[in-house]
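Report on the following structure.
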Amino acid sequence: ALCQRHPGVVGILLPKAETVGQIERAHATGKAVWPIIESAKGLAALPLLAAATGVDRLSFGSLDLGLDLGLNTGSAAAEQVLDHARYAVLLHSRVAGLAAPLDGVFPAIQDTDGLQRQVRFARDMGFAGALCIHPGQVSVIHAALKPSAAELDWAQRV
């Protein structure tokens, strides 16, 4: 009800999205919905969630998904599983005609170099941005997503 009353709220970031019913309830506000895929159930329901009415883009919750799947956080094996999940989020975003998805948060708030590497990695995979866990990360994410001079030159020529 709060989101529905405020015109400044343009969308709802829906955590732990697992069912179309959850999306329908959030969309009943008349606002766009950005489900966060962060559980095994949400990942398994991805085709239905991406196609649900009101979904504008998907978001990826890597930390909670890793916990839900019992991954050994930070290991190469865990990162491989999470990258497969990222691919699924990207694929179903494209198939459903959604805006490019957002990657999950980077929990090491002080590690700006690591954040920049992670955001560039996600960008190179086709993600349009990343969720933040701290306001200090916003400028780092913006800088990591900024096109290079060569990319801008190419775009202007095309």
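The values are calculated or read from the model by the stated rules, or taken from the named source; none is laboratory data. Please read all numbers here as calculations on a predicted model, not as lab measurements. Cβ: placed from backbone, ideal geometry, glycine included. Neighbour counts: every protein chain shown.
Inspect region 99-111 for any residue being in contact with a Gly (Cβ under 6 Å, 6 or more places away or on another chain) and under 20 Å from ALA40 (Cα atoms) and give the result as yes or no. Within region 99-111, one or more residues are in contact with a Gly (Cβ under 6 Å, 6 or more places away or on another chain) and under 20 Å from ALA40 (Cα atoms). Looking across region 1-40, the residues that are touching a helix residue (DSSP H, G or I) at 6+ places or on another chain (Cβ under 7 Å), of a type in the set (A, V, I, L, M, F, W, C) and surrounded by 15 or more Cβ atoms within 10 Å (Cβ to Cβ) come down to ILE12, LEU14, ALA17, VAL20, ILE23, VAL33, ILE37. Looking across LEU71, LEU43, LEU48, LEU65, one residue alone is surrounded by fewer than 17 Cβ atoms within 10 Å (Cβ to Cβ) and among the hydrophobic types (A, V, I, L, M, F, W, C). It is LEU48.
Taking LEU131 as the residue in question, decide whether it is of a type outside the set (D, E, K, R) and touching a residue at least 60 places away in the same chain (Cβ under 8 Å). Taking the combined requirement at face value, the residue satisfies it.
If you check ARG86, ARG123, ARG57 for being free of Cβ contacts under 8 Å to residues at least 24 places away in the same chain, surrounded by 17 or more Cβ atoms within 10 Å (Cβ to Cβ) and touching a helix residue (DSSP H, G or I) at 6+ places or on another chain (Cβ under 8 Å), only one passes: ARG123. With respect to the conditions (1) small (Gly, Ala, Ser); (2) in contact with a Leu (Cβ under 9 Å, 6 or more places away or on another chain); (3) over 19 Å from ASP103 (Cα atoms), ALA77 lacks only one, and its number is (3). Checking each residue in region 119-158 for being of a type in the set (Gly, Ala, Ser), under 14 Å from the mean Cα position of the chain (by Cα) and not in a helix (DSSP H, G or I) picks out GLY126, ALA128, GLY129, ALA130.
Every condition in (1) within 13 Å of the chain's Cα centre (by Cα); (2) surrounded by 13 or more Cβ atoms within 10 Å (Cβ to Cβ) is met by ALA96 except one, and the failing one is (1). Among the residues of region 27-59, those that are of a type in the set (Gly, Ala, Ser) and either at pLDDT below 95 or over 22 Å from PHE127 (Cβ atoms) (or both) comprise ALA28, GLY30.
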